[in-house]
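> Quick one: the structure is below, questions incoming.
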Amino acid sequence: MFNIFVNLLRDVGVNPEIAKYIFEMILFILLIIIALILKLLADKILISILEKTAKNKKNKWFNNLIKSKFFKKLTHIIPLIFLYSMSPFFQLIGYIIRTGLNYYIILIIVMAIMAFLTSVNLFYNTLEISKKRPIKGLIQIIKIIIYCITAIIIAAHLLGKSPLAILGGIGAFTAILMLIFQDAIVGFVSGIQIASNDMVRIGDTIDMPKYNASGEVVDISLTTIKVENFDGTLTTVPAKAFITDSFINWRRVFEKNVRRIKKSIQININSIDFCTEEQLEKFKKINLVADYIETQKAKIKKQNKDNNITKGLTNVGIFRMYIQNYLQNNKFISKDLTLLVRQLDSVENGLPIEIYAFTNTSNWVEYENIQANIFDHIIAIAPEFDLEIYQSPSGTDIKKLLSKTNRV
């Protein structure tokens with residue numbers, strides 16, 4: 001067949017040597033097509049068998065090798081063996097084919113190593129320690145080093161020099177390399193600091209207003225940290241930002257399974273007064289402050305007698321004690337952590353009464369419901385103590401006031 005093809009080309013005036021080149025090139029292209037078909041068949045048959053085996057065995061490590069396409073990379077060996085076995089038939093371009101196949105071997109090895117490293121990371125991520133010490137950044141650094149070594153080996157072979165000589169020459173381009181890999185280097189150093197100080201883990205809930213990040217950390221890589229926000233969007237934050245900028249990590253809150261309530265209501269100062277006997281009798285009907293009123297009345301009576309002064313209970317003081325006891329009896333409030341009802345400095349809006357307590361759940365939805373229910377109750381019960389919750393007067397309030405004035 002070879003002679004027939006060469007004779008045909010010679011008859012049309014083509015040089016015999018060129019005709020041989022053309023024949024070998026056409027043959028090589030046909031072999032490449034066959035090799036690609038073999039690769040596709042290997043992928044379809046072998047991978048399907050491996051996937052079925054993985055399902056039966058339910059081996060995490062084996063499954064991760066499949067997910068990382070490790071075996072798919074190895075199937076490149078089949079067309080490689082085929083092409084190598086056919087290379088002796090090429091006289092003119094045989095050297096070029098064998099050289100190309102040598103580089104192909106290096107490529108297969110590198111791809112297999114990369115896939116294996118990916119599977120290592122996937123397997124590691126199934127372990128509990130991965131949330132505290134992610135290794136994705138380290139894996140990426142190893143991959144970069146392998147890519148660099150591979151590039152040096154290929155360059156040394158093409159130039160006919162020792163790899164060490166190539167490395168020596170790279171010294172002159174160190175500044176350029178530092179510039180090119182600046183983010184990777186800074187990110188790697190930041191990643192080490194983040195991991196060593198245990199600043200961020202996968203699964204942590206963080207707030208970083210500068211980058212509009214408020215949600216769960218879903219990925220920590222060499223140069224970036226991905227945050228899935230509460231609205232479902234994804235924010236990518238540079239790893240170095242967690243070293244240079246401030247952020248809030250809610251991990252401790254979720255570990256303790258508590259969440260802080262720190263919220264206040266404003267009491268109209270004009271509604272605060274000493275309690276009359278009638279008021280005290282009315283307030284004593286409220287179980288949560290009945291004992292407190294009796295105890296304090298006895299103490300105040302003795303103090304007034306001993307010091308010859310007139311002192312009494314205030315409605316806001318009894319109200320504070322009511323809130324304190326109400327929270328003490330609330331099953332959704334933690335009794336092991338600080339529970340405080342206090343007055344803040346008076347402001348133009350009135351006297352702030354602040355609730356400082358912790359819920360016994362860190363679930364956001366449950367926390368908001370508990371907090372809302374507490375303040376719903378406090379706002380609704382305040383009039384029972386003859387207190388008014390302050391709010392800026394609206395147009396409706398002014399109309400009511402004018403209506404009352406006109407009636408008078």
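> With the requirement that a residue be surrounded by fewer than 15 Cβ atoms within 10 Å (Cβ to Cβ) and without any contact (Cβ under 8 Å) to a residue 24 or more places away in the chain, what does segment 76-93 give you?
Ile81, Ser85, Pro88
> Of the conditions (1) of a type in the set (S, T, N, Q); (2) buried (at least 17 other Cβ atoms within 10 Å of the Cβ); (3) at pLDDT below 80, Ser119 fails just one. Which one is it?
It fails just one condition, (3).
> For segment 122-163, enumerate the residues that are exposed (fewer than 14 other Cβ atoms within 10 Å of the Cβ) and aromatic (Phe, Trp, Tyr).
Tyr147
> Among the numbered criteria (1) of a type in the set (Lys, Arg); (2) at pLDDT 80 or above; (3) surrounded by fewer than 17 Cβ atoms within 10 Å (Cβ to Cβ), which one does Lys73 miss?
Failing condition for Lys73: (3).
> So, in segment 258-269, how many residues would count as being loosely packed, with under 13 Cβ neighbours inside 10 Å and farther than 25 Å from Asn369 by Cβ?
Adding up the residues that qualify gives 0.
> Let me ask something else. When you look at Ile355, is it closer than 21 Å to Arg259 by Cβ, among the β-branched types (Val, Ile, Thr) and touching a residue at least 40 places away in the same chain (Cβ under 8 Å), yes or no?
yes
> Could we say that Leu351 is in the same structural domain as Tyr326 (by TED's automatic domain parsing), surrounded by 14 or more Cβ atoms within 10 Å (Cβ to Cβ), among the aliphatic types (A, V, I, L, M) and in contact with a helix residue (DSSP H, G or I) (Cβ under 7 Å, 6 or more places away or on another chain) here?
yes
> Moving on to the next point. Do you know which residues across segment 98-135 are farther than 18 Å from Lys69 by Cβ and either among the aliphatic types (A, V, I, L, M) or touching an Asp or Glu at 6+ places or on another chain (Cβ under 6 Å) (or both)?
Hits for segment 98-135 are Leu101, Ile105, Ile106, Leu127, Ile129, Ile135.
> Moving to a separate point now. Of all residues in segment 369-408 being under 21 Å from Ile355 (Cα atoms) and polar (S, T, N, Q), which is modelled with the lowest pLDDT?
It comes out as Gln391.
> State all residues of segment 230-257 that are farther than 20 Å from Leu337 by Cα and surrounded by 14 or more Cβ atoms within 10 Å (Cβ to Cβ); if no residue qualifies, say none.
Hits for segment 230-257 are Thr235, Val237, Pro238, Ala239, Lys240, Ala241, Phe242, Ile243, Phe247.
> Which one of the conditions (1) of a type in the set (Asp, Glu); (2) touching a residue at least 12 places away in the same chain (Cβ under 8 Å); (3) under 25 Å from Asn257 (Cβ atoms) does Glu368 fail to meet, given that it meets all the rest?
(2)
> Then there's this: Looking at Val253, Val289, can you tell me which residue is in a helix (DSSP H, G or I), of a type outside the set (S, T, N, Q) and touching a strand residue (DSSP E or B) at 6+ places or on another chain (Cβ under 6 Å)?
Val253
> OK, next. Just checking, which of Ser246, Ser264 is touching a strand residue (DSSP E or B) at 6+ places or on another chain (Cβ under 9 Å) and in the same structural domain as Asn373 (by TED's automatic domain parsing)?
Ser264
The values are calculated or read from the model by the stated rules, or taken from the named source; none is laboratory data. Computed from a predicted model, the values in this text were never measured in an experiment. A quick note on method: Cβ atoms are made from the backbone with ideal geometry, for glycine too, and the neighbour counts reach across all protein chains shown.
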